[in-house]
Amino acid sequence: MNVNPKPVRKAVFPVAGLGTRFLPATKVMPKEMLPINDRPLIQHVYEEARDAGIEEFIFVTGRYKNMLEEHFDYQPELEQTLKARGKEDMLAVIRDSEMPEGKLFLTRQPKPLGLGHAVWCAHKLIGDEPFAIILPDDIVSHEPGCLAQMIETYNEYGGNVVAVKNVPREETKKYGILDIGEEKGDAVAINGLVEKPDPKDAPSTLSIIGRYILQPEIFEHLAAFERGAGNEVQLTDAMAKLLGNQAFHGLRFKGQHFDCGSRLGFIAANLAYSLKDPEISDGVREILNKL
Ligand code: UTP
């Protein structure tokens, strides 16, 4: 089946959270600027979106978050210095981190009232078209990237697509778990969402990670600013209201996923990415053996 849906051209990056799990590191510096190997989290997810064909990048920012947009700016002094020193390879790296003009859009979330609220803050910039949401906390190591894989699934089925992965059954209580329908290869139809079920009641062990392709009707549900778990406006609550009215699929994406919003996931990601970096992998192995 190929339903030829409207293309996904825009991606929202919610970056207005407080990052309390990394305090005091995130007292002033945004969590999304923490580096995984040689580049910050926000650049990892920007590259994933760019390589998936996204044309407009929408940051939902908040207080103390200016560094995130500055990271993608042209840096003339730095470029001149690198050029003068003949560091052409580093110059290319720096240029790759610049966002071309007319591609970056900013909106603010005045108070961190939850992910659903952050996404709603981008509604004017999205308008009436499907869009992607990427959480910089979640990084997936794979070529093609997770979002590119999801867009392929979206082109086949249209509607809404989320990235899903299996969690250990004994841990279902920590996650939003999917009630699943028809299996379609790596994709699976979603019938329902159950918040943090007991392992014995969990309808599956599939959980959503921070990648979504959603239809603009989600904004109608988010606009109610209804508070859910943790007294926050939850994106999953609004998504649950779309279920049944629109196609909804989960994609078991290919690649290794790291939850960099937790300290352990962050360290695991740094080890995995540095062990794959030919410049330092031997050194990292040596350090690990010594430790
Ligand atoms: P988290 O649930 O990890 O929250 O948000 P957090 O505040 O960043 O971190 P902790 O839990 O206090 O350590 C997931 C993503 O959603 C964004 C965050 O910036 C992060 O990218 N977010 C969350 C917002 O933009 N606004 C919010 O109100 C909440």
Note on the range 75-120: residues surrounded by 12 or more Cβ atoms within 10 Å (Cβ to Cβ) and among the acidic types (D, E) are E79, E98
For the range 106-151 the number of residues that are on the phi < 0 side of the Ramachandran plot, of a type outside the set (V, I, T) and within 15 Å of the ligand (Cβ to nearest atom) is 21
Flagged in the range 49-74 as surrounded by 15 or more Cβ atoms within 10 Å (Cβ to Cβ) and in a helix (DSSP H, G or I), in numbering order, are A49, R50, M67, L68, E69
If we ask which residues in the range 169-195 are free of Cβ contacts under 8 Å to residues at least 60 places away in the same chain, surrounded by 13 or more Cβ atoms within 10 Å (Cβ to Cβ) and within 16 Å of the ligand (Cβ to nearest atom), their number turns out to be 2
Of the residues in the range 7-30 that are surrounded by 13 or more Cβ atoms within 10 Å (Cβ to Cβ) and of a type in the set (D, E, K, R), the one that is nearest to L125 (Cα to Cα) is K10
Counting only residues in the range 75-96 that are at pLDDT 95 or above and assigned to a loop (DSSP other than H, G, I, E, B), the one nearest to the ligand (Cβ to nearest atom) is identified as K87
When the range 121-143 is checked residue by residue, the ones that are surrounded by 18 or more Cβ atoms within 10 Å (Cβ to Cβ) and among the aliphatic types (A, V, I, L, M) are A122, I126, A132, I133, I134, L135, I139, V140
Taking K27 as the residue in question, decide whether it is basic (K, R), under 26 Å from I267 (Cβ atoms) and within 18 Å of the chain's Cα centre (by Cα). no
The residue from N37, N66 that alone is away from the ligand (no atom under 11 Å from the Cβ) and modelled with pLDDT under 95 is N66
**Request:** Answer with yes or no whether P5 is of a type outside the set (S, T, N, Q) and within 12 Å of the ligand (Cβ to nearest atom).
**Result:** no
The correct count of residues that are touching a helix residue (DSSP H, G or I) at 6+ places or on another chain (Cβ under 9 Å) and part of a loop (DSSP other than H, G, I, E, B) in the range 104-113 is 4
Filter the range 11-24 for residues that are near the ligand (Cβ under 8 Å from one of its atoms) and within 11 Å of the chain's Cα centre (by Cα); the one that is nearest to V233 (Cα to Cα) is P14
The range 185-291: helices (runs of 4 or more DSSP H) wholly inside it with 2 or more residues that are of a type in the set (K, R) and at pLDDT 95 or above are 281-290
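The values are calculated or read from the model by the stated rules, or taken from the named source; none is laboratory data. What you see is a predicted model; the values in this text were computed from it and never measured. Cβ atoms come from the backbone with ideal geometry, glycine included; neighbour counts cover every protein chain shown.
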